[in-house]
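These notes concern the structure reproduced below.
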Amino acid sequence: WLRSEYGDLDTLNRTWNTRYSDWEDVMPDRGTRQSPCAVNIAWAYYMDNVQIPRVLRARAEALRDADPLHRPVFAHKAAPTIGAGQDWTYARCQDFLGSSCYPAWSPFQPWDDRPTPVDEAAYHHASLLAEMYSVALQYDYLRSCQAPGKPVWAAEFQGGPVNTGLHKGRVPSAEDLRRWVLTAVGSGVTALSFWVTRAEIMAGETNGFSLLDSTGDTTSRFEEASRLGQLLNTHPDLFGQPTWPGAPVALLVDEWNWQLERLLDLPGQLPYSVRGWHRLLWEAGIPVDFLEARHLQETDLSRYPALVWPFPLSASEDLVQTLSAYVAAGGNLISEACPGRLSRQAFASRGELSPAARELFGVEHAGLVMVSEPERPHRWLPRERTWGEFAPPAFLRGTGLLDGQQARADFYLETFTCRGCEPCLLAGDAVAGTVRQVGSGRAWLLGTLLGHSGTAYREEHTPAFVRALLARSGVSPAHPGRLLLRKRVTPAVEAWLFTNPLPVAVTEQVHVA
C-alpha cells in the first residue's frame with residue numbers, strides 16, 4: 001500500500017523525514033501507546049481505511065455470489081465515528097451502511113452539561129432533548145456518509161428499556177418512540193428496524209430493549225411503533241426513499257486529521273467540537289450535512305453557502321487550495337483555530353499555520369494559549385504543570401461584521417496579525433478572529449474551538465454569535481420561529497417535521513406558501 005501511495009522508498013523517506021533502507025523496515029510502533037509520527041498515522045489510516053474495507057468488500061461479494069435474487073447488501077455499525085471520515089469508506093464497500101440507535105443509552109457525554117436529578121423538571125427536559133439531538137446527529141452523519149442516492153437504514157432502533165446485566169433503564173413511553181422515530185425521519189432515514197420485538201433472553205441484556213415485555217401481546221410503545229409505521233408507509237415515495245432536500249451548511253471532517261489528533265494528547269477534542277457545532281446548528285433550526293475531505297469531488301460545493309471546519313489541526317495544502325477555490329466562487333468557510341498547524345505527516349508548520357492557510361485567511365499567527373474552563377474541576381483540560389500555563393476563562397468580543405456579539409473561548413485561544421483581513425473577534429486588544437474577502441466569498445477564522453460551547457458550559461451568547469455568523473454567511477433557519485423544522489421533499493409532495501425544543505408549549509404561525 002505504501003508503494004502505491006509513494007511510488008518509491010526515497011519519496012517516502014523525504015516525505016516522512018525518515019531514513020528507511022528497505023520497505024521491510026517500515027513498521028509502526030508495537031507498544032500500547034503509539035507516538036504521533038508519520039508511520040503510526042499511516043498504519044492507523046491503513047487499518048481503518050484499507051484493510052477493514054478489504055474485508056467488507058470480500059464479504060459483500062461472497063453474499064452477492066451466493067444470492068440468486070441479487071438483493072442489496074449492507075453493513076451495520078453500532079454508531080458512526082463522529083469526526084472521522086472512515087464511514088465514507090465503509091459505506092462504499094457494499095451497497096450502503098446502516099447503524100444502531102439507542103437514544104436513552106448514552107445521550108450525554110462526560111463533558112456535557114447535565115442538570116442534577118434534584119431539579120427534576122430541568123433534568124427530564126435536558127435528557128429528552130439530548131436523546132432527540134443524539135438521534136439527529138447520528139443519522140445526519142450516516143446519511144452524509146452514503147454515496148449519493150443510497151438508502152439510510154436505522155438498522156437496530158431502540159424499542160424498549162436499555163438493560164446491561166441487571167442495570168435496567170427506563171421503559172420508553174409511546175411519546176419517547178414518537179420523538180425518536182420522527183427525529184430520525186427528519187434526518188433522512190429511509191428504513192427502520194426495531195431491536196427487538198420480544199424481550200431479550202440473553203443474560204447480558206435480560207428482558208431489555210424490546211417493543212413487547214417478557215410476556216403479553218402488546219404495550220403502548222408497540223402500538224405506537226405500529227401506528228408510526230403504518231403512517232409513514234402511506235407515503236413510501238417520500239419516507240422510504242432518499243428524499244433529504246439538502247442543507248445550507250456542511251460540517252467538514254478529514255480522516256487524516258482525525259487519525260493524527262487521536263494519537264496526540266488531545267483526547268476527544270475534535271469529535272467534541274464537531275458534535276457541538278451540530279447541536280448549535282440543530283438548535284438554531286439550520287439543517288446540516290457532513291462532508292469528508294477525501295470525497296469532496298462527489299459534491300457540488302457551490303450548493304452550500306457555508307462550510308464549517310472544526311479543529312483543522314492537520315490539513316494538506318491540497319485541501320486548503322480546494323477550500324480556497326470554494327471561497328473564491330462565493331462560499332463562506334468558517335474555520336476554528338489552528339488550521340494546518342501540523343502537516344498530514346505530523347510535522348509542525350513553520351509560522352504555526354500552513355502556508356496555504358495563512359494566504360487564504362490573510363493572517364500571521366501571533367499566539368496560542370490554552371483557556372481555563374469556567375468551572376472546576378475541569379472537564380477537558382489537562383492538569384496545569386505549573387502556574388501561568390492557562391489563560392483565564394474569557395468571552396471573545398465581536399467587532400466589525402460581528403460587532404455586538406460575544407462567544408466563549410474554549411480549549412484554545414489563538415491570536416493573529418492581520419495581513420489582508422479584518423478583525424471579527426477580539427480578546428482584549430488582540431485579534432482572535434478574522435474575516436477576509438476572497439473573490440465573491442469570505443474566509444472566517446475563529447481562534448478557538450467554538451463547537452465545545454454547543455454542549456458544555458452552555459449560555460446564550462455563543463448560540464447568538466453562531467446565528468449572527470451564519471446570517472452574515474447567507475444562512476437562515478428553515479423556520480423563523482422557535483420551532484425547529486426538517487423536511488423530506490419530492491417534486492410532488494413535501495413532509496414538514498416540527499420539533500418544539502422548549503419545556504413549554506409553543507404556538508407559532510407557519511407559512512406554507
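Scan region 472-480 and tell me whether some residue there is of a type in the set (S, T, Y) and over 27 Å from E131 (Cα atoms). The answer is yes; a qualifying residue exists. Going through (1) in a loop (DSSP other than H, G, I, E, B); (2) surrounded by fewer than 21 Cβ atoms within 10 Å (Cβ to Cβ); (3) at pLDDT 95 or above one by one, R376 falls short only on (3).
Condition first: in contact with a Gly (Cβ under 8 Å, 6 or more places away or on another chain) and open to solvent by 50 Å² or more (accessible area, probe 1.4 Å). Can you find one or more residues in region 12-23 that meet it? No, region 12-23 has no match at all.
Kindly provide the set of residues from region 458-474 that are assigned to a loop (DSSP other than H, G, I, E, B) and open to solvent by 10 Å² or more (accessible area, probe 1.4 Å), ordered by number. Walk me through it before giving the result.
Taking region 458-474 and keeping what is assigned to a loop (DSSP other than H, G, I, E, B), we get 458-460, 473-474.
Answer for region 458-474, where residues must be assigned to a loop (DSSP other than H, G, I, E, B) and open to solvent by 10 Å² or more (accessible area, probe 1.4 Å): R458, E459, E460, G474.
Under 16 Å from I334 (Cβ atoms) and in contact with a helix residue (DSSP H, G or I) (Cβ under 6 Å, 6 or more places away or on another chain): which single residue out of A407, A432, A356, A464 fits that description?
Details: A432 fails: in contact with a helix residue (DSSP H, G or I) (Cβ under 6 Å, 6 or more places away or on another chain); A356 fails: under 16 Å from I334 (Cβ atoms); A464 fails: in contact with a helix residue (DSSP H, G or I) (Cβ under 6 Å, 6 or more places away or on another chain).
Among A407, A432, A356, A464, only A407 is under 16 Å from I334 (Cβ atoms) and in contact with a helix residue (DSSP H, G or I) (Cβ under 6 Å, 6 or more places away or on another chain).
Just one of the listed residues (A306, A346) is over 17 Å from the mean Cα position of the chain (by Cα) and buried (at least 19 other Cβ atoms within 10 Å of the Cβ), and it is A346.
If the requirement is being in a loop (DSSP other than H, G, I, E, B), small (G, A, S) and crowded, with 17+ Cβ neighbours inside 10 Å, which of these qualifies: A513, A478?
Just one listed residue meets the conditions, A478.
For A84, the conditions (1) small (G, A, S); (2) open to solvent by 20 Å² or more (accessible area, probe 1.4 Å); (3) not in a helix (DSSP H, G or I) all hold with the exception of (2). Counting the residues of region 12-69 that are more than 13 Å from A346 (Cβ to Cβ) and either polar (S, T, N, Q) or not in a loop (DSSP other than H, G, I, E, B) (or both) gives 29.
Select from region 166-194 the residues that are outside any loop (DSSP other than H, G, I, E, B) and at pLDDT below 95 and list them in ascending order. It would help to see each step written out before you state the result.
Applying the first criterion (outside any loop (DSSP other than H, G, I, E, B)) to region 166-194 yields 167-168, 174-186, 191-194.
Scanning region 166-194 gives H167, K168.
For beta carbons closer than 7 Å, sequence separation of 6+ or different chains, a first residue in region 438-457 that is within 11 Å of L360 (Cβ to Cβ) and a second that is among the hydroxyl-bearing types (S, T, Y) and part of a strand (DSSP E or B), the qualifying pairs are W444/S335; L445/S335; L445/T434. Taken over region 483-496, the residue count meeting the criterion of being farther than 17 Å from D289 by Cα and crowded, with 16+ Cβ neighbours inside 10 Å is 2. From the list E389, E373, the one residue that fits, being among the acidic types (D, E) and under 27 Å from the mean Cα position of the chain (by Cα), is E373. Across region 414-426, which residue is nearest to the chain's Cα centre (by Cα) among those that are surrounded by fewer than 24 Cβ atoms within 10 Å (Cβ to Cβ) and assigned to a strand (DSSP E or B)? Per the stated criteria, the residue is T415.
From D318, D265, D254, which residue is out of contact with any helix residue (DSSP H, G or I) (no Cβ under 9 Å at 6 or more places or on another chain) and open to solvent by 10 Å² or more (accessible area, probe 1.4 Å)?
Numbers: D318 fails: out of contact with any helix residue (DSSP H, G or I) (no Cβ under 9 Å at 6 or more places or on another chain); D254 fails: out of contact with any helix residue (DSSP H, G or I) (no Cβ under 9 Å at 6 or more places or on another chain).
D265 is the lone residue from the list that is out of contact with any helix residue (DSSP H, G or I) (no Cβ under 9 Å at 6 or more places or on another chain) and open to solvent by 10 Å² or more (accessible area, probe 1.4 Å).
Any chance region 386-398 includes a residue that's in contact with a strand residue (DSSP E or B) (Cβ under 9 Å, 6 or more places away or on another chain) and within 29 Å of L301 (Cα to Cα)? For region 386-398, residues in contact with a strand residue (DSSP E or B) (Cβ under 9 Å, 6 or more places away or on another chain) and within 29 Å of L301 (Cα to Cα): present. Of the strands (runs of 3 or more DSSP E) lying entirely inside region 279-346, not one contains at least 2 residues that are basic (K, R) and within 30 Å of N17 (Cβ to Cβ). Taken as a whole, the structure leaves W244 outside the set of residues that are open to solvent by 30 Å² or more (accessible area, probe 1.4 Å), within 30 Å of V475 (Cβ to Cβ) and either outside any loop (DSSP other than H, G, I, E, B) or at pLDDT below 95 (or both). Can you pull out every residue in region 65-77 that is open to solvent by less than 80 Å² (accessible area, probe 1.4 Å), under 30 Å from Y272 (Cβ atoms) and either acidic (D, E) or within 19 Å of the chain's Cα centre (by Cα) (or both)? The answer is K77, and nothing else.
Taken over region 350-368, the criterion of being open to solvent by 50 Å² or more (accessible area, probe 1.4 Å) and in a strand (DSSP E or B) is satisfied by E364, A366, L368.
Given the structure, is L291 at pLDDT 95 or above, among the aliphatic types (A, V, I, L, M), on the phi < 0 side of the Ramachandran plot and surrounded by fewer than 24 Cβ atoms within 10 Å (Cβ to Cβ)?
Details: at pLDDT 95 or above: yes; among the aliphatic types (A, V, I, L, M): yes; on the phi < 0 side of the Ramachandran plot: yes; surrounded by fewer than 24 Cβ atoms within 10 Å (Cβ to Cβ): yes.
Taking the combined requirement at face value, the residue satisfies it.
Within the set L260, L252, the sole residue that is in contact (Cβ under 8 Å) with a residue 12 or more places away in the chain, closer than 26 Å to D95 by Cα and not charged (D, E, K, R) turns out to be L252.
Looking only at region 118-164, residues that are surrounded by fewer than 21 Cβ atoms within 10 Å (Cβ to Cβ) and among the acidic types (D, E) come to 3 in all. Considering (1) under 20 Å from the mean Cα position of the chain (by Cα); (2) in a helix (DSSP H, G or I); (3) at pLDDT below 95; (4) of a type in the set (A, V, I, L, M, F, W, C), the lone condition that V135 does not fulfil carries the number (3).
Would you call G331 more than 18 Å from V438 (Cα to Cα) and either touching a His at 6+ places or on another chain (Cβ under 9 Å) or crowded, with 17+ Cβ neighbours inside 10 Å (or both)? Even if it seems obvious, please write down each step before you answer.
Values: more than 18 Å from V438 (Cα to Cα): no; either touching a His at 6+ places or on another chain (Cβ under 9 Å) or crowded, with 17+ Cβ neighbours inside 10 Å (or both): yes.
No.
Only one of T455, T507 is among the hydroxyl-bearing types (S, T, Y) and open to solvent by 30 Å² or more (accessible area, probe 1.4 Å). Can you tell me which?
T507
Would you check if L401 is within 27 Å of W111 (Cβ to Cβ) and not hydroxyl-bearing (S, T, Y)? No, not satisfied.
The values are calculated or read from the model by the stated rules, or taken from the named source; none is laboratory data. As the structure is a computational prediction, the values presented were derived from the model and not from experiment. Ideal geometry is used to build each Cβ from the backbone, glycine not excepted, and the neighbour counts take in all protein chains shown. Accessible surface is based on the protein model in full, side chains and every heavy atom, while ligands, DNA and RNA are left aside. Shrake-Rupley method; radii C 1.70, N 1.55, O 1.52, S 1.80 Å.
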